[in-house]
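The structure under discussion appears below in the form of C-alpha cells.
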Amino acid sequence: MSAPRKIIIDTDPGQDDAVAILLALACPDELEILGITCVAGNVPLPLTQKNARIVCELAGKPETRVFAGCEAPLMHSLVTAEHVHGKTGLDGPSLPAPVMPLESQHAVDFIIDTLRAEPPASVTLCPLGPLTNIAMAFEKAPDIVGRVQEIVLMGGAYFEVGNITPAAEFNIYVDPEAAKIVFDAGAPLVVMPLDVTHKALVTKPRNDAFRALKTPVGVAVAQMTDFFERFDREKYGSEGAPLHDPCVTAYLLRPELFTGRHINVEIETASELTRGMTVADWWRVTTRKPNALFIGSLDADGFFALLTERLARL
Ligand code: RIB
Ligand code: CA
C-alpha cells in the first residue's frame, strides 16, 4: 500500500461539506488530512469553523487540525446560503458544540507554511467552498503555486448553469475574483461542477442506507441530507439532495468513478449579470489553453457504494 495522499480540505460546512470531510476522515490509509481550513460561505466564518470541528468530533477525530481563514470575499460583501443549509449551516442532526480547539494560526498562513514545508508536488488542495483562502495564499506567496500537487475543487457549472443566479454556481459566485486567481494560477486543476454533482442525488434508498448503518455518523448524515434536500427538490424537482462536495473526496479515492474533459475554463468577474459564471469551453470552440479537468459525469451507484461503505468505518 502506498503512503496516504496528503491533503488540505478548505471548506464552508455546510451539510455536503460535512459529508465530504467525514468521507476523508474515514480513509486514513488513503488520505492524510494535514489540516482543515475554513472559509466564510454557506454561513459566516464563526459558524463554518465551529461546524468543521463538530464534524471532526462526530467522526471521533478531535485531533484533526482546524483553522479559521477569511471571513469575507476579496472584493464583494459575503453572500451566504442559510436558505439551503439552515441558520447553523449544519441543520438536520442535533450535534453537540465542539470541545476540540481551533488552531490559532490563520488558515492562509497554514496553507502557505505547509506547502513550503512539504516536498514539492506532495500536497493536494481540496476547496469545497468559495476560493478566498486559496487565492489569498497564492497572492501572498506566489512561490507555493508550483508546489501544489493538484487542486480538486467543487464549483462552477456549464450545462447545469447556476444555482445562486441564472449564470453562476454558489462557490464561484461568492468570490469570483478569488476563483479567477485560482483558475489562472496554472496548478493542475480538477473541477467538480454542478454538471456532475447534480447526478449524485441522495435518493430515498441511498438515504435509507446511511440510516441503516445505525451509527451516529450514518444517522447524522441521513438527517443532514434529509434537511438540505428541500432546496433542490423545490427548485429542480430533484429526487434528493445533491452531494456536491463529497464528489471531491470520492475523486481522490476512486477517480475512475468520474469522467470529464480537459478544457479551458474562465471566470466571469466583470459583468454583474453573469458574475461568477464558469465559461467552460466544453466544445473547444476557442483556442484558449485548457486549464482544468472539468468533470461532467459519474457512476452514481459506485459513488454511493463507496461513500456508504467508508462511512460505516467511523
Ligand atoms: O453550489 C454548491 C456549493 O456551494 C457546495 O460546496 C455547497 O456546500 C456550497 O458551498
Ligand atoms: Ca461547500
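The values are calculated or read from the model by the stated rules, or taken from the named source; none is laboratory data. Being a predicted model, the structure only gives us computed values, none of them experimental. Here Cβ is always computed from backbone atoms with ideal geometry, including for glycine, and neighbour counts include all displayed protein chains.
Brief remarks follow.
- Qualifying positions in region 74-98 - within 12 Å of ligand 1 (Cβ to nearest atom) and in a loop (DSSP other than H, G, I, E, B): V79, T80, A81, G89, L90
- Qualifying residue in region 240-249 (condition: more than 21 Å from the chain's Cα centre (by Cα) and part of a helix (DSSP H, G or I)): no
- So V182, is it within 16 Å of ligand 2 (Cβ to nearest atom), in contact (Cβ under 8 Å) with a residue 40 or more places away in the chain and out of contact with any strand residue (DSSP E or B) (no Cβ under 9 Å at 6 or more places or on another chain): no
- When F67, F110 are checked against the criterion of being of a type in the set (A, V, I, L, M, F, W, C), more than 17 Å from H244 (Cβ to Cβ) and in a helix (DSSP H, G or I), F110 stands alone in meeting it.
- So L78, is it surrounded by 16 or more Cβ atoms within 10 Å (Cβ to Cβ) and away from ligand 2 (no atom under 16 Å from the Cβ): no
- Residue ID - farthest from ligand 2 (Cβ to nearest atom), chosen from residues in region 1-19 that are charged (D, E, K, R) and under 28 Å from N207 (Cα atoms): D10
- Condition broken by T48, with the remaining ones in (1) within 30 Å of R254 (Cα to Cα); (2) modelled with pLDDT of 95 or more; (3) over 15 Å from the mean Cα position of the chain (by Cα); (4) buried (at least 21 other Cβ atoms within 10 Å of the Cβ) satisfied: (3)
- Residue in region 148-173 that is surrounded by the most Cβ atoms within 10 Å (Cβ to Cβ), counting only those that are within 14 Å of ligand 1 (Cβ to nearest atom) and of a type in the set (D, E, K, R): E169
- Candidates A18, A52, A40, A26, filtered to the one that is among the aliphatic types (A, V, I, L, M) and more than 16 Å from ligand 1 (Cβ to nearest atom): A26
- Note on region 1-15: among residues that are part of a loop (DSSP other than H, G, I, E, B) and more than 10 Å from ligand 1 (Cβ to nearest atom), the one that is surrounded by the most Cβ atoms within 10 Å (Cβ to Cβ) is P4.
- Every residue from region 223-239 that is part of a helix (DSSP H, G or I), free of Cβ contacts under 8 Å to residues at least 60 places away in the same chain and among the acidic types (D, E): E229, D232, E234
- Condition met for P73 (closer than 22 Å to P193 by Cα and crowded, with 24+ Cβ neighbours inside 10 Å): no
- Selected residue (criterion: farthest from ligand 2 (Cβ to nearest atom)) from residues of region 20-42 that are buried (at least 24 other Cβ atoms within 10 Å of the Cβ), in a loop (DSSP other than H, G, I, E, B) and of a type in the set (A, V, I, L, M, F, W, C): A40
- R261 touching a Leu at 6+ places or on another chain (Cβ under 9 Å), basic (K, R) and within 20 Å of F183 (Cα to Cα): yes
- Filtering region 105-147 to residues that are among the small types (G, A, S), without any contact (Cβ under 8 Å) to a residue 40 or more places away in the chain and surrounded by 19 or more Cβ atoms within 10 Å (Cβ to Cβ) leaves only A137.
- Filter result (within 19 Å of G92 (Cα to Cα), touching a Ser or Thr at 6+ places or on another chain (Cβ under 6 Å) and among the hydrophobic types (A, V, I, L, M, F, W, C)) within region 1-31: A20, L23
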